[in-house]
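The values are calculated or read from the model by the stated rules, or taken from the named source; none is laboratory data. Source: prediction; values computed, not measured. Cβ coordinates were reconstructed from backbone atoms using ideal geometry, including for glycine residues, and neighbour counts include every protein chain displayed.
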């Protein structure tokens, strides 16, 4: 190794000193995530009928390599259906501690009901708070359980720490 | 017969179907319409294969292929349905050729034309024959671009079975099943071609065996309503076990998920129930998941039962047991307790030096015959005399009798198991009804299929048997002659005979005189085993009814509810110690000092002995029973409190004892069970009523749990009081009235069913474990009509 090589290496460092930094001062400043980023799941609705897309088929649970999903189905009331079809998910739970965010559930879903969104700020205090139910994931719910709890306590809107581009699969999800 | 399947040469008996030859050779063809134990009809055309056989010259010699010097194979011009083709000498079956593959793929595409693509919502998904076969043999795409047939998606065939008419592929299994197996023709095809659908004429499926069609449906068209949308097939834990609902020992598969039983399916036991189970067994499981189960021990403190630890509960009992020495304590098990529980109870009784031990319900005579018949004896019998309501008491007897009426012996097993297409079986076979004689004090279901029917008045069983034995009536004489003449005659005795020691003795004499084998229908699942294990009182004064009459000062009761009787309740209230081991709170737990949580028959590990004397394994399904234990567990906990390691403190410990005695390792029983000869026990101490205005009759659904089985409750309308219109008029009752009435001291809630077929002057109502079948006095003055309609959840 010669002095010239060292100078060349230092040159690279020096060059980066004058570039725009990639780090952001999160949480004051939002992170920009890519459209295909895999974060917390969303359960979607059909935008025209507002019925849930999930039919409780449990294929996501079958595909899940981490056994993070639990589904219990029930029959739709024909007069007031919850989902478009015969059955709907009475219980739909994902354990966010077990989930490895691989996206297999999304791939297995025959109706495109479960889609991994961009939310990643899932930290919380108790084990049970990491089990997300339907009400925590249905479209229209913004933020993690903790974020929503904080927002309610302070009487403010949920503040999420990222910006992202649109993804067509996330039908109806608005960050 | 020499048959060649692809490259495998087989030697098969004549009459074997080609599809069985294919499976015996280890190859596979798809099929939807063939079903074990049913006639093959070739409806689905899926099992097509290229089939050929050599031909003979007029002189009897084979036509030879000149090129090879072997007999020339003449192929059928088109692929043949192998399920309806019998094997021939020298037959060649090709299941791997392109012609076969194309034919099967084409048929698959045809089946899927009208089949909806709703697998994700279908309960059969994951265990569906059509789904599996489409994956294996389908071409993967459809050329049918038009709209599919649309039809009713949830047609309730009965309260227990839902039909999805879009999914039906017209394999005809369910239609054939009803005609061939139980002989109740309640279902048929309506319309033609693509418009064909399955339907009934009357409402519901009036058969005790309707649930089996949900097992055999190759698609998700026929579904068990109790388990609809409860889970997917791959999520269930499947536990093979033995049903504890009746004395047949039918094999079942318990499907459980997250600590709940979601459904019961029939399992294969070629010696007992074949593939079938009755509706009581299939749909009568919902009580197990009922929310009000006792899940922890309860101890009475200041007059109130409070949840306590096992330790506290058993120490309280141990303390009390010090003062209750010797024969002051009584121990009673319900007759569906396992053999291991029986051994544990006996060990506990021995340790406490009490002779007051019993199992109940039981009858006044032994249920262990000297010459017991097996189910297969029954199915091949040349003459059958049934003196019981077999269809309700042990429904499997009814099904196996219908095998005998068809005159087709049980099939010989093939290398792949039961033959898929048994060519001896046909649709609408003539039945040999003249071999069957049914005697009962009221109109029973089996009489529809019987050549001779004997009506007698309840309580006169002994006289009737005496007449048959003497040959003093024409019918009796003819019956005795036919029983004597037949190669293999079987006499089936139910509760009404067994409840009378005299009638039972005469029936034994009749069996001896005619050379017939006997089948005695025990009151509950393990009546045979508990009697064989001698879980019986040391002397007749110590029987369960005597204990309730005051022979015991302390009582440990498992599974029974004696306090339904007001008089008994008063006596129980005065006991020094009353321990109740049960699933639910009831009249007896209301008086108990200690209540211990019990396991249901689906959660237990153990062994039962069915009415043939066959030892069968009962395996535990993963059900959330809280701290519930079976009786071996009670003995263990009590032993801990007493500072003793009692025998029978676990299933393993009980089995060790039984192994010595029976020379049979119960840990290692074959799936079909093992028959061990047994001697009848010293059954005594029971004095059943010999008169009364009503008859307690056995029922397929368990009346004690009916209110917690919402679907069965809806389909049966509750426990029924059946009576003749004339009686109904005199008691001012009308159909579907819900009444409370005192029956032999028991307060019963019953719904009124009026029918011409009930003998006048006799009321029929279901027997309870604490009120076994037999005559009883109904206090007609105590009838009170309930204002509300029976609540149906």
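Where in segment B:489-545 are the helices (runs of 4 or more DSSP H), entirely inside, with at least 3 residues that are surrounded by fewer than 21 Cβ atoms within 10 Å (Cβ to Cβ) and assigned by TED's automatic domain parsing to the domain that holds residue B:435?
Helices (runs of 4 or more DSSP H) meeting the threshold: B:501-514.
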Just to check your reading of the model, which residue among B:723, B:662, B:713 is assigned by TED's automatic domain parsing to the domain that holds residue B:753 and out of contact with any helix residue (DSSP H, G or I) (no Cβ under 8 Å at 6 or more places or on another chain)?
B:723
Looking at (1) surrounded by fewer than 20 Cβ atoms within 10 Å (Cβ to Cβ); (2) within 14 Å of another protein chain (Cβ to nearest Cβ); (3) out of contact with any strand residue (DSSP E or B) (no Cβ under 6 Å at 6 or more places or on another chain), which is the only condition residue B:69 fails?
(2)
Check residue A:42 against each of (1) part of a strand (DSSP E or B); (2) within 18 Å of the chain's Cα centre (by Cα); (3) within 14 Å of another protein chain (Cβ to nearest Cβ) and name the one condition it does not meet.
(3)
Condition first: modelled with pLDDT of 95 or more, farther than 17 Å from residue B:212 by Cβ and not in a helix (DSSP H, G or I). Can you find one or more residues in segment B:308-320 that meet it?
yes
Just checking, how many residues over segment A:86-96 are in a loop (DSSP other than H, G, I, E, B) and either within 15 Å of residue B:228 (Cα to Cα) or within 14 Å of chain B (Cβ to nearest Cβ) (or both)?
1
Looking at segment B:184-202, which of the residues that are touching a helix residue (DSSP H, G or I) at 6+ places or on another chain (Cβ under 6 Å) and in contact (Cβ under 8 Å) with a residue 24 or more places away in the chain is farthest from the other protein chains (Cβ to nearest Cβ)?
B:184
For segment B:224-254, how many residues are touching a residue at least 40 places away in the same chain (Cβ under 8 Å), more than 14 Å from chain A (Cβ to nearest Cβ), in contact with a strand residue (DSSP E or B) (Cβ under 8 Å, 6 or more places away or on another chain) and buried (at least 19 other Cβ atoms within 10 Å of the Cβ)?
9
Selection status of residue B:205, more than 14 Å from every other protein chain (Cβ to nearest Cβ) and touching a strand residue (DSSP E or B) at 6+ places or on another chain (Cβ under 8 Å)
yes
Suppose we filter segment A:54-68 for residues that are away from chain B (no Cβ under 11 Å) and in contact with a strand residue (DSSP E or B) (Cβ under 6 Å, 6 or more places away or on another chain); how many remain?
1
Within segment A:97-104, is even one residue more than 23 Å from residue A:164 (Cβ to Cβ) and either within 14 Å of another protein chain (Cβ to nearest Cβ) or assigned to a helix (DSSP H, G or I) (or both)?
no
Is one or more of the residues making up segment A:73-85 part of a loop (DSSP other than H, G, I, E, B), touching a residue at least 40 places away in the same chain (Cβ under 8 Å) and either on the phi > 0 side of the Ramachandran plot or in contact with a strand residue (DSSP E or B) (Cβ under 6 Å, 6 or more places away or on another chain) (or both)?
no
Considering residues of segment B:446-457 that are in contact (Cβ under 8 Å) with a residue 40 or more places away in the chain and crowded, with 20+ Cβ neighbours inside 10 Å only, the residue nearest to residue B:762 (Cα to Cα):
B:446
Quick one: in segment B:120-143, of everything that is within 14 Å of chain A (Cβ to nearest Cβ) and outside any loop (DSSP other than H, G, I, E, B), which residue is modelled with the highest pLDDT?
B:131
